[in-house]
């Protein structure tokens, strides 16, 4: 035990994170630089506020389709492959993202290519039709996969009446109705400086930083987008079952309303999620699979969201065991602290921090995390504080986090 704690202490002390210097350009763009001169690459991440909050049931999927048409039809994509770099874009739940990475050697060329990419997108009719067909195939693939379909249905049920009930890829009906003009019209909606965060990470020169600032200073200022998070809290239990003849086993999801990423309880709920369903030593796995033999697969997740999120336990099992599995999960949720040891808590936190440290080794992830936390209103350097917050989680913090289990739950079963 002492050896474990000593090793854990050394491991935690070794963790570091880069905070960058953030400035606001005249048009409202928040621009951050994270200098990492010991690397051989540079990554640029762009977050634009809104995500699914800028879509509706009518045009759901337009952000994902625009991003595909934008990138796949661009000269930058073709050129970056030659120079060993990459460029991408995509719709997210809380933001629209653009990013590109290059070796430091060819960063000047990447910057040269990025300006026309950003301001003169090639929304080709041929590319539009091809990417629309691909997106419709992706939607069909989800409908044909019980695991993907059950997750999708649970999220719709749990978030009903909010933008999070929409899906990134959209619905078959909404995507089929999208036109090239819809894609073109969506472009100026998102490209607004006051809603934009830009982070550059890597071996970047002052001259290159200035070139990038000049590019982003030319983005129209527009208006700052504010997501409306004031949707009502869930007030009663929700239970729904759907039947699917292709399903070999039932897919069970049990969810609770959970804090947004800016909440003081965010880190504690993240730790609690790993305790419950983070692996083969987790509480759900040990009880539901090892002890009771209910589950073929079991886990938990807690997505990071700008507005209220969900803590979700999920299990694949025989349908006959669903009622007892729900009861068992509720019992675990309300009693796990009674048997949680200091050693188990330390092990979970070390595992989480180890994964985070490995993940943020790359420039692209350093830039992405800076923008993610900026979009959540926490600042580009919050990654360092997040690490400290995880280290500081104790049983009292977990007790506070576990109060979410006193709220009404949503249960969804695909059988």
* Structure fact -> Sole miss for residue 325 among (1) modelled with pLDDT of 95 or more; (2) touching a strand residue (DSSP E or B) at 6+ places or on another chain (Cβ under 9 Å); (3) assigned to a helix (DSSP H, G or I) is condition (1)
* To do: Within the range 178-187, track down each residue that is part of a helix (DSSP H, G or I) and either in contact with a helix residue (DSSP H, G or I) (Cβ under 8 Å, 6 or more places away or on another chain) or at pLDDT below 95 (or both).
  => 180, 182, 183, 186, 187
* To do: Would you check which residues across the range 145-166 are more than 19 Å from residue 238 (Cβ to Cβ) and in contact with a helix residue (DSSP H, G or I) (Cβ under 7 Å, 6 or more places away or on another chain) and list them?
  => 148
* **Selection within the range 291-333 - loosely packed, with under 15 Cβ neighbours inside 10 Å and either on the phi > 0 side of the Ramachandran plot or touching a helix residue (DSSP H, G or I) at 6+ places or on another chain (Cβ under 6 Å) (or both)** => 293
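Would you check if there is a residue in the range 299-319 being in a helix (DSSP H, G or I), out of contact with any strand residue (DSSP E or B) (no Cβ under 8 Å at 6 or more places or on another chain) and in the same structural domain as residue 348 (by TED's automatic domain parsing)? Spell out the reasoning first.
Filtering the range 299-319 down to residues in a helix (DSSP H, G or I) leaves 319.
Then drop every residue that is not out of contact with any strand residue (DSSP E or B) (no Cβ under 8 Å at 6 or more places or on another chain), which leaves none.
No, every residue in the range 299-319 fails to be in a helix (DSSP H, G or I), out of contact with any strand residue (DSSP E or B) (no Cβ under 8 Å at 6 or more places or on another chain) and in the same structural domain as residue 348 (by TED's automatic domain parsing).
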* To do: Need at least 1 residues that are in contact (Cβ under 8 Å) with a residue 60 or more places away in the chain per element, so show me which helices (runs of 4 or more DSSP H) inside the range 58-135 make the cut, counting only ones lying wholly within it.
  => 62-72, 107-119
* Structure fact -> Per the filter on the range 237-250, residues at pLDDT below 95 and either within 19 Å of the chain's Cα centre (by Cα) or within 18 Å of residue 310 (Cβ to Cβ) (or both) are none
* in contact with a strand residue (DSSP E or B) (Cβ under 7 Å, 6 or more places away or on another chain) and modelled with pLDDT under 95, is that true of residue 281? -> no
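Being within 30 Å of residue 247 (Cα to Cα) and not in a loop (DSSP other than H, G, I, E, B) narrows it down to one residue among 338, 333, 350; which is it?
Details: 338 fails: within 30 Å of residue 247 (Cα to Cα); 350 fails: within 30 Å of residue 247 (Cα to Cα).
When all the criteria are applied, what remains is 333.
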* Scan 260, 236, 241, 224 and give me the residue that is in contact (Cβ under 8 Å) with a residue 12 or more places away in the chain, surrounded by fewer than 18 Cβ atoms within 10 Å (Cβ to Cβ) and assigned to a strand (DSSP E or B). => 241
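Kindly indicate which of 129, 79 is farther than 27 Å from residue 211 by Cα and over 19 Å from the mean Cα position of the chain (by Cα). It would help to see each step written out before you state the result.
Details: 79 fails: farther than 27 Å from residue 211 by Cα.
Step by step, each of 129, 79 is checked, and only 129 is farther than 27 Å from residue 211 by Cα and over 19 Å from the mean Cα position of the chain (by Cα).
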* Is one or more of the residues making up the range 101-115 surrounded by 16 or more Cβ atoms within 10 Å (Cβ to Cβ) and under 23 Å from the mean Cα position of the chain (by Cα)? -> yes
* **Pair list, Cβ < 6 Å and 6+ apart or interchain, from the range 388-415 residues that are over 13 Å from residue 254 (Cα atoms) to residues that are in a strand (DSSP E or B) and modelled with pLDDT under 95** => 415/250
* Within the range 158-168, which residues are surrounded by fewer than 21 Cβ atoms within 10 Å (Cβ to Cβ) and under 19 Å from the mean Cα position of the chain (by Cα)? -> 162, 165, 167, 168
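The values are calculated or read from the model by the stated rules, or taken from the named source; none is laboratory data. Quantities reported herein were computed from a predicted structural model and do not represent experimental measurements. Counting neighbours? That spans all protein chains shown, and the Cβs are built from the backbone with ideal geometry, glycine included.
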